[in-house]
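Data block below; observations after.
The values are calculated or read from the model by the stated rules, or taken from the named source; none is laboratory data. Given the structure is predicted, the values throughout are model-derived calculations rather than measurements. FYI the Cβ positions are ideal-geometry reconstructions off the backbone, even for glycines, and counts take in every protein chain you see.
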Amino acid sequence: MTSTVHEVDLSIYDAQRERAAAIVARYPEPRSALLPLLHLVQYVEGHVSRTGVAFCAEVLDLTPAEVSAVATFYTMYKREPVGEHLVSVCTNTLCAALGGDDIYAAVRERLGGIGHEETSGTAPESGSLTIEHAECLAACDLAPVLTVNYEFFDRQTVDSALEIIEALQRGEKPAPTRGAPLTDFRRIELLLAGFFDEPETGGAAANAGPSADEATLRGARLAEERGWTAPPMPDAGPDDATESAILPGGPS
Ligand code: FES
């Protein structure tokens, strides 16, 4: 089916109507489906285009302005087409102090001096890379880190980061330190839209991988060995007590 909203041709989304309906059906209110629907848009077009905004508006009975207000708030929704891969270099405080700024500068230079959210090569062709500064990626214990399509490469140096970049440019898919094997930005967007077990994403098994590093788990292991537990919440009943967790206040 071809339809239009505000004179925008939505036919590029005809093949996505079933997926869009499945996303909407997950929520009690259609507008709650906007975030995953925007990921579906990025799967189709590699960014949130005017057409994608109109598609979301039509499906969710919102105005294009309402959709744009959300899409422009979150950094994960891109205004320009993303390359085959999105390379996010953490330049927040801890990573920056441990070399993240140097890594970002070296990656940028290797890609011809492109800037934040710019792309080397022609998106989404093989080897095209979009780079971005990232705020804390929640892996400070493994700093400095970068991600490729949100999969982690921990404890990076300038040299190791450049090896990753060069491999990606050759069309290779280096193995992340943690997470699933690399695919590409668009297929990850389909996953983020909530479609895990589809041929395009390689199926659920292809998207499994370790999510935690030993350094991250060490505190939890210590707590378990020493029998530390978290105190119950002030108004919690006996059934709400946490049986095993990291205890902020030290050993009991
Ligand atoms: S500062 Fe880089 S992961 Fe937290």
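Listed here are the residues, each with its yes/no results for (1) closer than 16 Å to R108 by Cα; (2) out of contact with any helix residue (DSSP H, G or I) (no Cβ under 7 Å at 6 or more places or on another chain).
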{"position": "T147", "(1), (2)": "yes, yes"}
{"position": "V158", "(1), (2)": "yes, no"}
{"position": "L162", "(1), (2)": "yes, no"}
{"position": "E166", "(1), (2)": "yes, yes"}
{"position": "K173", "(1), (2)": "no, yes"}
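Within region 77-91, count every residue that is hydroxyl-bearing (S, T, Y) and more than 16 Å from the ligand (Cβ to nearest atom). Counting residues in region 77-91 that are hydroxyl-bearing (S, T, Y) and more than 16 Å from the ligand (Cβ to nearest atom) gives 1. Checked against (1) under 19 Å from the mean Cα position of the chain (by Cα); (2) more than 10 Å from the ligand (Cβ to nearest atom); (3) of a type outside the set (S, T, Y), E166 passes all but condition (1).
Being surrounded by fewer than 21 Cβ atoms within 10 Å (Cβ to Cβ), of a type in the set (S, T, N, Q) and either in the same structural domain as S32 (by TED's automatic domain parsing) or closer than 17 Å to Q42 by Cα (or both): is that true of T130 here? No: the conditions fail for T130. Within region 122-137, residues that are in contact (Cβ under 8 Å) with a residue 12 or more places away in the chain and on the phi > 0 side of the Ramachandran plot have Cβ atoms under 8 Å from residues that are more than 16 Å from the ligand (Cβ to nearest atom) and not in a loop (DSSP other than H, G, I, E, B) in these pairs: G127/L168; G127/Q169, counting only partners at least 6 apart in sequence or on another chain. In region 193-212, the residues that are under 16 Å from E151 (Cβ atoms) reach residues that are in a helix (DSSP H, G or I) with C-beta atoms within less than 6 angstrom, at least six apart or across chains, in these pairs: F196/A204; T201/R187; T201/L190; T201/L191.
Counting only helices (runs of 4 or more DSSP H) that sit completely within region 1-62, those holding 1 or more residues that are touching a residue at least 40 places away in the same chain (Cβ under 8 Å) and among the polar types (S, T, N, Q) correspond to 34-45, 50-60.
Restricting attention to region 46-77, the residues that are out of contact with any Lys or Arg (no Cβ under 8 Å at 6 or more places or on another chain), buried (at least 22 other Cβ atoms within 10 Å of the Cβ) and within 30 Å of D154 (Cα to Cα) add up to 1.
Given the criteria away from the ligand (no atom under 16 Å from the Cβ) and either touching an Asp or Glu at 6+ places or on another chain (Cβ under 8 Å) or not assigned by TED's automatic domain parsing to the domain that holds V148 (or both), does A57 qualify? It is true that A57 is away from the ligand (no atom under 16 Å from the Cβ) and either touching an Asp or Glu at 6+ places or on another chain (Cβ under 8 Å) or not assigned by TED's automatic domain parsing to the domain that holds V148 (or both).
Only a single item in (1) more than 10 Å from the ligand (Cβ to nearest atom); (2) surrounded by fewer than 17 Cβ atoms within 10 Å (Cβ to Cβ) is not met by L94, and it is number (1). Candidates in region 111-163 are the residues that are touching a Pro at 6+ places or on another chain (Cβ under 8 Å) and of a type in the set (D, E, K, R); of these, the one that is farthest from the ligand (Cβ to nearest atom) is E163.
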